[in-house]
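**Student:** One structure, as structure tokens, below. Some questions next.
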């Protein structure tokens with residue numbers, strides 16, 4: 001659902017599903033869109049979030065409080081804010097921290113890179129180089 005075309009996309013989801021809602025929402029928008037994601041859920045639905053949901057976290061109710069009426073679940077991967085990322089990069093530059101790269105595979109050998117990862121015989125990062 002394109003949020004630019006449908007600013008009240010949660011309402012449109014309800015209309016399209018005959019007010020049942022959806023079982024899964026991938027939420028990447030943040031604290032302002034999370035309530036819309038919840039409102040678009042079916043009973044027993046799930047929201048998966050990627051990101052930190054805004055610099056300040058939740059200003060209103062906690063996510064769990066919003067989920068209770070839907071008997072819904074929420075899982076998330078916190079990736080931090082842009083400020084966190086910039087601070088991490090500055091720290092790494094200042095302290096000359098570099099990742100350990102075990103092996104670089106050309107893009108054409110991507111399946112071999114995955115096989116190598118599955119083998120567990122590596123130390124550090126496995127890189128797939130994308131040709132320009």
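**Student:** Pull up segment 25-39, narrow it to residues that are touching a strand residue (DSSP E or B) at 6+ places or on another chain (Cβ under 8 Å) and not in a strand (DSSP E or B), then point me to the one that is farthest from residue 81 (Cα to Cα).
**Tutor:** This residue is 38.
**Student:** How many residues does segment 116-126 hold that are assigned to a helix (DSSP H, G or I) and either in the same structural domain as residue 51 (by TED's automatic domain parsing) or surrounded by fewer than 10 Cβ atoms within 10 Å (Cβ to Cβ) (or both)?
**Tutor:** Here the count works out to 2.
**Student:** Determine whether segment 100-113 contains at least one residue that is part of a loop (DSSP other than H, G, I, E, B) and either under 29 Å from residue 51 (Cβ atoms) or not assigned by TED's automatic domain parsing to the domain that holds residue 49 (or both).
**Tutor:** So far as segment 100-113 goes, yes, one or more of its residues are part of a loop (DSSP other than H, G, I, E, B) and either under 29 Å from residue 51 (Cβ atoms) or not assigned by TED's automatic domain parsing to the domain that holds residue 49 (or both).
**Student:** Continuing with this model, one more query. Run down 129, 108, 113 and say which single residue is surrounded by 12 or more Cβ atoms within 10 Å (Cβ to Cβ), without any contact (Cβ under 8 Å) to a residue 24 or more places away in the chain and more than 30 Å from residue 33 (Cβ to Cβ).
**Tutor:** So the residue among 129, 108, 113 that is surrounded by 12 or more Cβ atoms within 10 Å (Cβ to Cβ), without any contact (Cβ under 8 Å) to a residue 24 or more places away in the chain and more than 30 Å from residue 33 (Cβ to Cβ) is 113.
**Student:** Across segment 81-105, what is the number of residues that are closer than 28 Å to residue 28 by Cβ and either surrounded by 12 or more Cβ atoms within 10 Å (Cβ to Cβ) or touching a strand residue (DSSP E or B) at 6+ places or on another chain (Cβ under 9 Å) (or both)?
**Tutor:** Summing the residues that are closer than 28 Å to residue 28 by Cβ and either surrounded by 12 or more Cβ atoms within 10 Å (Cβ to Cβ) or touching a strand residue (DSSP E or B) at 6+ places or on another chain (Cβ under 9 Å) (or both) in segment 81-105 gives 6.
The values are calculated or read from the model by the stated rules, or taken from the named source; none is laboratory data. Please read these numbers as outputs of a predicted model, since none were measured by experiment. As a convention, Cβ positions derive from the backbone with ideal geometry for all residues, glycine included, and neighbour counts pool all protein chains shown.
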